[in-house]
Amino acid sequence: MSSVGVLIVFAIVGAVICAKCRVPAGAVVFSLVALVLFVATPAGQGLPAAVASFLSTVDDSTTPALTHQPSTGSEAVG
């Protein structure tokens, strides 16, 4: 586990260095490597489910506004 943590730190440092040097592609690659390594750890295994739940909630709340339908729970007065 500690070796994965060191790799994540190096990936984050690499992303910061690339961002400081204005190399956006390198920063994106280092960030994606850090994200993949984090999801592979036991602490990060719940991240995909949490992101999916969050996006589902956002989708459910924005769909009525985008389709111009009133919300089912709205009891507007007036």
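No value in this document is a laboratory result; all are computed from the given coordinates. For clarity, every value in this text was computed on a predicted model and none was experimentally measured. Using ideal geometry, Cβ is built from the backbone for each residue, glycine included, and neighbour counts are taken over all protein chains shown.
When LEU37 is tested against (1) more than 20 Å from VAL9 (Cα to Cα); (2) surrounded by 11 or more Cβ atoms within 10 Å (Cβ to Cβ), exactly one condition is not met: (1). Within segment 1-51, how many residues are within 19 Å of the chain's Cα centre (by Cα) and outside any helix (DSSP H, G or I)? Qualifying residue count for the region: 3.
The set of residues in segment 1-28 that are closer than 16 Å to PRO42 by Cα, surrounded by 10 or more Cβ atoms within 10 Å (Cβ to Cβ) and either in contact with a Ser or Thr (Cβ under 9 Å, 6 or more places away or on another chain) or among the polar types (S, T, N, Q) (or both) comprises VAL4, GLY5, ILE8.
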